[in-house]
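> Mind having a look at this structure? Questions to follow.
The values are calculated or read from the model by the stated rules, or taken from the named source; none is laboratory data. Every value quoted in this text rests on a predicted model; they were computed, and no experiment measured them. Neighbour counts run over all protein chains shown; Cβ positions are idealised from the backbone, glycine included. With ligands, DNA and RNA removed, areas are computed over all heavy atoms of the protein, side chains included. Shrake-Rupley method; radii C 1.70, N 1.55, O 1.52, S 1.80 Å.
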Amino acid sequence: FFQAEDGIRDTSVTGVQTCALPICLFIMPHWSKFADELVATAKKIATPGKGILAADESTGTIGKRFDAIKLDNNEVNRKNYRELLFTTEGIEESISGVIMYEETLFQSSESGESFVSILQKKGIVTGIKVDKGVAPLPSTDGEGFTQGLDGLHDRCAKYYAQGARFAKWRSVLQINLKKNQPSPLAIRENAWNLARYATICQANGLVPIVEPEILMDGDHDLEANMEITAKVVQACYDACIACGMLLEGSLLKPNMCLPGSTCASGPASPEQVAAATVRALSRSVPAAVPGVVFLSGGQSEEEATLNLNAINTVEGIPKPWVLTFSYGRALQQSCIKTWEGKAENKAAAQKALLERAGANGAAQLGKYAGGAGGDAAKASLYVANYSY
């Protein structure tokens, strides 16, 4: 809304001062065409008792998973593995959304039915990874920014037409207190990139997942992670709000607050992780955001589930959002090891996936007692400076 000077006009003919009518200019929000759909999709993904299966590993990253089971990294094997995941009977009881890599979004099952259609029939929302990976950020000491804004509008329109209804973009930051990292520049640039990505997605009908991941690497303690997580998330929402993002039609995918991987005091308990994580979010995430979908970030399958359960049972700190999961390795590790690329292991692999998904669905409700997957689920999944 714009109004000339102070709104008072001196009429030279009558000598009488009158209030001028404001000159109004209303610009429709970029997301106005999709507003109701965006809000409904975000709420559906953030359904209590459910979460997201992140199956968006790049071709290179899925190759590392296949190397561990001595399986060739080719399109047929990648498709067969994703089909195993998506056709697991009953997966919809605990999974509300699936994030795909671009190759997967346009693939179909052996029967000829598209993966998108298979998931839609289960009531699962299809998502798509849209970033193009991390590149060095000039004028910093080894920090990075995420690429992919060029051509994103057209790509989002194509993904929507294929059936995708949400998207994710991963920004990566690292704590190094001696170097004052993440630096103000890295925080600002990654926040603004996330904001621009988010508004482009919403303009094309895709719910954006805002993902500022702080890696587990470092010797910092839990308190430092909590303070920096709150600072980074706050910067992201400052940028998203400035760019006009519809908060109700978006989701946040942050790290849980954990001590650094080489912290002298060692790991924190689930209760300590929960208190620090929820406190950081309460200081930085608007209540209008419907859901927070945590990344597992190198935690073991069991650790990620126990921490999620504790987050949902912690008391005394406001939690106006659905707090759930968006796990990749912490949902798939036991599944892929059981499968080994062999058709005869498919049923057992799907059973392992279903068990892990069910455990995390229970954890979202604060009802997970522990023990799913046995000792194998406690194996560390940490990889230094993780990329995919």
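> For the range 100-187, just the Cα set please: Rg and Dmax, both in angstrom.
Rg and Dmax of the range 100-187, Cα atoms, are 17.5, 56 Å.
> With every protein chain present, what is the per residue accessible area of the range 273-388 (1.4 Å probe, Å²)? List each step's numbers first, then the result.
Working: 4390 Å² over 116 residues.
Counting only protein heavy atoms, the per-residue value for the range 273-388 is 38 Å².
> Remind me, relative contact order of the chain in percent, using alpha carbon pairs under 8 angstrom and six or more residues apart?
Relative contact order comes out at 17 percent.
> May I ask you to give the solvent-accessible area per residue for the range 104-194, in square angstrom, as obtained with a 1.4 angstrom probe?
On the way: 4000 Å² over 91 residues.
For the range 104-194, the solvent-accessible area averages 44 Å² per residue.
> Report the percentage of all Cα-Cα pairs in the range 66-125 whose separation exceeds 17 Å, rounded to a whole percent. Show your work: numbers first, answer last.
On the way: 674 of 1770 pairs.
When every Cα pair of the range 66-125 is considered, 38 percent fall beyond 17 Å.
> For Rg/Rh (Cα atoms, Kirkwood Rh), the choices are (1) 1.00; (2) 1.04; (3) 0.97; which was calculated from the structure?
The calculated read-out lines up with (2).
> Return the calculated 222 nm mean residue ellipticity for the chain, to the nearest 500 deg cm²/dmol, obtained by summing -39500 (n - 2.57) across DSSP H runs with n ≥ 4 and dividing by the residue count.
Details: 12 runs with 152 residues, N = 388.
Mean residue ellipticity at 222 nm (helix-derived): -12500 deg cm²/dmol.
> Could you check how much of the accessible area of the chain is carbon and sulfur, as a whole percent, using a 1.4 Å probe?
On the way: 8930 of 16740 Å².
Solvent-exposed carbon and sulfur of the chain make up 53 percent of the total.
> Shifting gears a bit: What's the FRET efficiency of residue 319 with residue 40 using the Cβ-Cβ distance as r and R₀ = 30 Å, to the nearest 0.05?
Numbers: r = 22 Å, r/R0 = 0.74.
Once rounded, the FRET efficiency stands at 0.85.
> Per residue of the range 363-379, in order, report the coupling 6.51 cos²θ - 1.76 cosθ + 1.60 (Karplus, θ = phi - 60°) as ³J(HN,Hα) in whole Hz, putting x for Gly and Pro.
Values per residue, Gly and Pro as x: 5, 4, 8, x, 10, 8, 8, x, x, 4, x, x, 5, 4, 6, 8, 5 Hz.
> Among 279-285, 112-118, 325-331, how do they line up from the highest to the lowest mean number of other beta-carbon atoms within 10 Å? Before the final figure, lay out the partial values.
Values: 279-285: 20.0, 112-118: 16.4, 325-331: 26.1.
Going by the mean number of other Cβ atoms within 10 Å, highest first, we get 325-331, 279-285, 112-118.
> Also: Amide H neighbours of residue 169 under 5 Å, counting only residues 5+ apart in sequence or on other chains, H built in-plane at 1.01 Å?
209, 211
> Rounded to the nearest 10 degrees, what's the angle between the helix 270-282 long axis and the longest principal axis of the chain, both from Cα atoms, 0 to 90?
20 degrees
> Can you work out ³J(HN,Hα) from phi for every residue in the range 209-222, in order, using Karplus 6.51 cos²θ - 1.76 cosθ + 1.60 and θ = phi - 60°, giving whole Hz and x for Gly and Pro?
After applying 6.51 cos²θ - 1.76 cosθ + 1.60, I find 8, 8, 10, x, 8, 9, 5, 6, 4, x, 10, 5, 9, 4 Hz.
> Within 14 Å, Cβ to Cβ, of residue 370, how many net charges do the neighbouring residues add up to if Lys/Arg are +1 and Asp/Glu are -1?
On the way: positive: 356, 367, 378; negative: 271, 301, 302, 303, 355, 375.
Here the count lands on -3.
> With labels modelled as points extended 7 Å from the Cα through the Cβ direction, what inter-label distance (nm, one decimal) is found for residue 58 paired with residue 28?
Here the answer is 3.7 nm between the modelled labels.
> Let me spell out the model: positive unit charges on the Cβ of Lys and Arg, negative unit charges on the Cβ of Asp and Glu, origin at the Cα centre of the chain. What dipole size does that give, in debye rounded to 20? Could the numbers behind the result be given before it?
Values: 37 positive and 42 negative charges, 97 e Å.
Around 460 debye, computed over the chain.
> What are the ³J(HN,Hα) couplings of the range 140-147, residue after residue, when phi is run through the Karplus curve with 6.51, -1.76, 1.60 and θ = phi - 60°? Round to Hz, x for glycine and proline.
Karplus values, whole Hz, x for Gly and Pro: 10, 9, x, 7, x, 9, 9, 8.
> Pull up all non-local amide H partners of residue 176: gap of 5 or more, or a different chain, and H-to-H distance under 5 Å with H placed in the peptide plane.
For residue 176, the qualifying residues are 181.
> Return the percentage of antiparallel bridges among DSSP beta bridges fully within the range 70-172, rounded to the nearest 5 %.
Details: 4 of 11 bridges.
Bridges in the range 70-172 are about 35 percent antiparallel.
> Next up: What relative contact order, as a whole-number percentage, does the range 70-168 give when Cα pairs under 8 Å and 6 or more residues apart are counted?
Details: 113 pairs, mean separation 25.6, N = 99.
Rounded, it is 26 percent for the range 70-168.
> Amide H neighbours of residue 51 under 5 Å, counting only residues 5+ apart in sequence or on other chains, H built in-plane at 1.01 Å?
95, 96, 97
> Each label point is 7 Å from the Cα along the Cα-to-Cβ direction; what then is the distance between the points at residue 248 and residue 288, in nm?
For residue 248 paired with residue 288, the spin-label model returns 0.9 nm.
> For a quick check, take a GNM of the chain with Cα springs below 10 Å and name the residue from 185, 354, 105 with the largest mean-square fluctuation.
185
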